[in-house]
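> This is the structure I have questions about; it appears just below.
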Amino acid sequence: MFGTEEFAAIINPPQASILAVGATRAEAIVVDGAVVPGTVVTVTLSVDHRPVDGVDAALWMRAFITVLERPAQILA
C-alpha cells in the first residue's frame, strides 16, 4: 500500500492474528533453472500464540502462499 514493500502489522485485541501485505515489485526470479522477470510481494503474518498455535499459523501461511503462486488451484 502506498509503495510500502514490507511491514509488520500490530495485533489489536481481540484479534488473534493480522496479515500485512506489501506492494508488489518486479524482480528477476528463477523458474525451472532460467532467470525470468516476475512479480514479488512480501506478506507477514503476526500471530498471538496464546489462542493460535504457531504450527497452525505456519500451515495456514503455506496454504496462502500456494494460492498466491497458483491461483488456478482455487477453482480445482
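> In the stretch 41-66, what residues are of a type in the set (Val, Ile, Thr) and either under 16 Å from residue 16 (Cβ atoms) or more than 10 Å from the chain's Cα centre (by Cα) (or both)?
44, 47, 52, 55
> Please go through the stretch 37-65 and pick out each residue that is loosely packed, with under 12 Cβ neighbours inside 10 Å and either in a loop (DSSP other than H, G, I, E, B) or of a type in the set (Ser, Thr, Tyr) (or both).
Of everything in the stretch 37-65, those that are loosely packed, with under 12 Cβ neighbours inside 10 Å and either in a loop (DSSP other than H, G, I, E, B) or of a type in the set (Ser, Thr, Tyr) (or both) turn out to be 39, 49, 50, 51, 53.
> Further, regarding this structure: Pick from the stretch 23-36 the residues that are in a loop (DSSP other than H, G, I, E, B) and out of contact with any strand residue (DSSP E or B) (no Cβ under 7 Å at 6 or more places or on another chain): which of them is nearest to residue 49 (Cα to Cα)?
Checked the stretch 23-36; the qualifying residue nearest to residue 49 (Cα to Cα) is 23.
> Return the pairs, sorted by first residue and then second, in which the second residue is hydroxyl-bearing (Ser, Thr, Tyr) and in a strand (DSSP E or B), the first residue lies in the stretch 23-37 and is within 23 Å of residue 7 (Cβ to Cβ) and free of Cβ contacts under 8 Å to residues at least 40 places away in the same chain, the beta carbons are less than 9 Å apart, and the residues are 6+ apart or on different chains.
24/39; 25/39; 26/39; 27/39; 29/39
> Does the stretch 5-17 contain any residue that is in contact (Cβ under 8 Å) with a residue 40 or more places away in the chain and either surrounded by 13 or more Cβ atoms within 10 Å (Cβ to Cβ) or closer than 21 Å to residue 66 by Cα (or both)?
Yes.
Every read-out reported here was derived from the displayed coordinates using simple, explicitly stated rules and does not represent laboratory data. No experiment lies behind these values; they were computed from the predicted model shown. For neighbour counting, all protein chains shown are included, and Cβ atoms are generated from backbone atoms with ideal geometry for every residue, glycine included.
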